[in-house]
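Participant: Supplied in structure tokens, the structure appears directly below.
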Amino acid sequence: MTTVISTELFKLRTTRAPWAVATCLIALAAAMLAFIGALVGKPGQPALEPSVLGGLARAPGMLTGGAALLLGLLLSTAEYRHATALTTRLGHPRVPGLVLAKAIAAALAGSVLALAVELVMLGGGAAILAGRDVSVEPLRHGVPAAVASIVMVAALHAVAGVGIGELLRNPTLAVGAVLVWAFLAEGVLPVLLRQPNLDRWLPTGAARSALSLGLTQDSALLIPWAGLSVLAAYAVGLLLVGLGRSVRTDP
Amino acid sequence: MEGIAVHGLTKRYGRVTAVDDLTFTLEPGRVTGFVGRNGAGKTTTLRILLGLTRATAGTATVSGRPYAELRDPLRHVGALIDPDCFHPGRNGRNALRAVARLGRIPDVRVDEVLELVDMSGAAGRRVGGYSLGMRQRLALAAALLGDPGTLVLDEPANGLDPDGVRWLRSLIRGLGEQGRSVLVSSHLLAELAQTVDDVIVIEQGRLVAHDRITALASAGAESLEDAFVRLTATVKEAS
């Protein structure tokens, strides 16, 4: 299994698309940091105090999840788009192990991506605070919980991405389906089903709940561990559905 | 023993029968040509043999086992099914390294096979910039990575220039002389006649003939192409 995981990580490292995703995400995180850094402490904005670091750590949570999902999608759909699934299957014909290894590799890559983003946010945030003579307290104000939750959410999104990729196989279709789900279906479903509280049980709501780890409980969200469990259920469910298609269909 | 055995192999896609109760066994250490018209079932048979497609009925084994049950399959069987099986954004060396890692084959072997297929000079370039002939050579290199006892090559001469075809012929002959079993499908019958020891002819998914090339082509009095047309004519007329 470790051989297959390391091969999948090697594949990610040796193509440009994952690096482009990581670069874009880190650039967006840096822009977010600059924007928040410019606003904080201004009239009508949050005060410039040590707790700002916790907010900065949490700010890129959903964005990082989205990037990790894209990473997982790319890892699996690229195999079908470029027919590399053929050589992969010849090297490792046992499909369940292959898909599982892909999911683990994607989860690891997603976690590294999340840690890199947190390094930018916390490093930059610490520099902003220190530059304005505010004490830097990285182990307080929910910072460790924020980092942990973002890493877990990113890893689960990456696993879900592999599942969706294995299911749909076409990268454009897969990205389109994710966008339609996130920006349309999740908004419409609670209204259609007349269940206003449904959104917290849907993937985005579950991710938001998980990312609230270490914060005061928000009544609109699930408790963080429940959110994380629901998100994990979605990720595993999508992976199993994708695996089902991969087992049944020729590469 | 490194050998290929196909027994009662059948593959149906809905109402279409691509492979129909096909049975043959390859002798180890011989180069066997696998010939048939377009749609005769050659690629389907090879894909089933390599565990890429499921058979409706029958078995296809290498060294007595289905491909999916082989431990370290790349060390048993080298396969070339499609030259377009590499990520165009990866360079040639990394494309082979990805295959080698999966088969637990050391990186040093990657350079050896690149040398063998005369691609060392282009190994640092992205596969997307390769010609069809170069991609074919790279796919051959991938097939040779595990130094396998059995090789399955589907149309390996596609895209090769005359020098490349001559090189491929000597490579395949050399592999046979080393005691490896080589199953090679091709439409280039005149070329195949210079390369193989035995020939399997299939038509409409069924076995038409399996014999020494010398026996099939009437001890040299007839070309392989003429023999192919003669042998498949009966099946064609009957359908």
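Every number here is computed from the coordinates shown, using simple stated rules; none is lab data. Source: prediction; values computed, not measured. Note: ideal-geometry Cβ built from the backbone for every residue, glycine included; neighbour counts use all protein chains shown.
Participant: Subtracting the Cα-Cα distance from 0.36 nm times the residue separation, let me have the gained length for B:D84 to B:T23 in nm, one decimal.
Facilitator: Numbers: separation 61, 0.36 × 61 = 21.96 nm, distance 2.95 nm.
Working it through step by step, the gained length comes to 19.0 nm.
Participant: Estimate the FRET efficiency between B:E112 and B:R65 by the formula 1/(1 + (r/R0)^6), using the beta-carbon distance for r and 35 Å for R0, to the nearest 0.05. Don't skip to the answer; put the middle values down first.
Facilitator: Numbers: r = 27 Å, r/R0 = 0.77.
The formula returns an efficiency of 0.85 here.
Participant: Express as a percent, rounded to the nearest 5, the fraction of DSSP beta bridges in chain B (both residues included) that run antiparallel. List each step's numbers first, then the result.
Facilitator: On the way: 19 of 36 bridges.
Given both bridge residues lie in chain B, the antiparallel proportion sits at roughly 55 percent.
Participant: Let me check the size of chain B from its C-alpha atoms; what are the radius of gyration and Dmax in Å?
Facilitator: Rg and Dmax of chain B, Cα atoms, are 17.6, 54 Å.
Participant: What is the sum of charges, Lys and Arg at +1 and Asp and Glu at -1, for the other residues whose Cβ falls under 12 Å from the Cβ of A:S51? Present the calculation step by step, with values, prior to reporting the outcome.
Facilitator: Numbers: positive: A:R58, A:R140; negative: A:E49, A:E137.
With Lys, Arg at +1 and Asp, Glu at -1, the net is 0.
Participant: Using only the Cα atoms of the range A:95-251, what semi-axes does the equivalent ellipsoid have when each is the square root of 5 times a gyration tensor eigenvalue? Give whole Å, largest first. Mind showing how you got there, number by number?
Facilitator: On the way: eigenvalues 199, 91, 35 Å².
The answer is 32, 21, 13 Å, longest axis first.
Participant: Cα centroid distance between the range A:1-24 and the range A:39-65, in Å?
Facilitator: Their Cα centres are 31 Å away from one another.
Participant: Whose amide H sits under 5 Å from the amide H of B:N91, counting only residues 5 or more places off or on another chain, with H placed in the peptide plane?
Facilitator: B:V127
Participant: Could you check which residue among A:V21, A:V191, A:V117 shows the biggest mean-square fluctuation in a GNM of chain A with a 10 Å Cα cutoff?
Facilitator: Residue with maximal mean-square fluctuation among A:V21, A:V191, A:V117: A:V191.
Participant: What is the sum of charges, Lys and Arg at +1 and Asp and Glu at -1, for the other residues whose Cβ falls under 12 Å from the Cβ of A:V40?
Facilitator: Details: positive: A:K42, A:R132; negative: A:E49.
Result for the local shell: +1.
Participant: Read phi for every residue in the range A:229-243 and hand back ³J(HN,Hα) as whole Hz from Karplus 6.51 cos²θ - 1.76 cosθ + 1.60, θ = phi - 60°, with x for Gly and Pro.
Facilitator: My calculation for the range A:229-243 gives 5, 5, 4, 5, 5, 4, 4, 5, x, 5, 5, 5, 5, x, 4 Hz in order.
Participant: Taking springs between alpha-carbon atoms closer than 10 angstrom, which of A:L100, A:L90, A:L25 fluctuates most in the Gaussian network model of chain A?
Facilitator: Most flexible of the set in this elastic network: A:L90.
Participant: A further question follows. Taking θ = phi - 60°, what integer Hz values does the Karplus form 6.51 cos²θ - 1.76 cosθ + 1.60 yield along the range A:102-119, in sequence order, with x for Gly and Pro?
Facilitator: Residue by residue, the range A:102-119 yields 4, 5, 5, 4, 5, 4, 5, 5, x, 5, 5, 4, 4, 5, 5, 5, 5, 4 Hz.
Participant: With +1 on each Lys and Arg Cβ and -1 on each Asp and Glu Cβ, and nothing else charged, work out how big the dipole of the protein assembly as shown is about its Cα centre, in Debye to the nearest 20.
Facilitator: Once rounded to the nearest 20, the dipole reads 900 debye.
Participant: Show me, for the range B:148-159, the HN-Hα J-couplings you get by feeding each phi into the Karplus relation (A = 6.51, B = -1.76, C = 1.60, θ = phi - 60°), rounded to Hz, glycine and proline as x.
Facilitator: Per residue, the Karplus-derived 3J(HN,Hα) values read x, x, 10, 10, 10, 10, 9, 6, x, 8, 4, x Hz.
Participant: When the Cα centres of the range A:106-135 and the range B:61-140 are compared, how far apart do they sit, in Å?
Facilitator: Here the answer is 40 Å between Cα centres.
Participant: OK, next. Could you work out [θ]222 nm for the protein assembly as shown from helices alone, using -39500 (n - 2.57) per DSSP H run of at least four and dividing by all its residues? Round to the nearest 500 deg cm²/dmol. Write down the numbers at each step before the final one.
Facilitator: Numbers: 19 runs with 267 residues, N = 490.
Only helices count here, giving -17500 deg cm²/dmol.
Participant: Hey, with R₀ at 22 Å, roughly what FRET efficiency would A:S229 and A:A182 work out to, going by the Cβ-Cβ distance, to 0.05?
Facilitator: According to the calculation, E is roughly 0.65.
Participant: If Lys and Arg each add +1 and Asp and Glu each add -1, what is the summed charge of the other residues whose beta carbon sits under 15 Å from the beta carbon of A:V136?
Facilitator: Working: positive: A:R132, A:R140; negative: A:E49, A:E118, A:D133, A:E137.
Surrounding charge for A:V136 is -2.
Participant: Show the residues, 5+ positions off or on another chain, whose built amide H is closer than 5 Å to the amide H of B:F34.
Facilitator: Correct list: B:V184, B:S185, B:S186, B:I200.
Participant: Show the residues, 5+ positions off or on another chain, whose built amide H is closer than 5 Å to the amide H of A:L222.
Facilitator: A:S209
Participant: Any idea which of A:T88, A:P18, A:A182 is furthest toward the positive side of the dipole for the range A:2-248, if Lys and Arg beta-carbons carry +1 and Asp and Glu beta-carbons -1?
Facilitator: Farthest towards the positive pole: A:T88.
Participant: Continuing with this model, one more query. Which stretch or stretches of the range A:62-98 have amide N atoms under 11 Å from the point lying 7 Å from A:L108's Cα along the Cα→Cβ direction?
Facilitator: The answer is none.
Participant: Same structure again: Which parts of the range B:29-51 would a label at B:Y13 reach, counting a residue when its backbone N lies under 14 Å from a point 7 Å out along Cα-to-Cβ?
Facilitator: B:38-48
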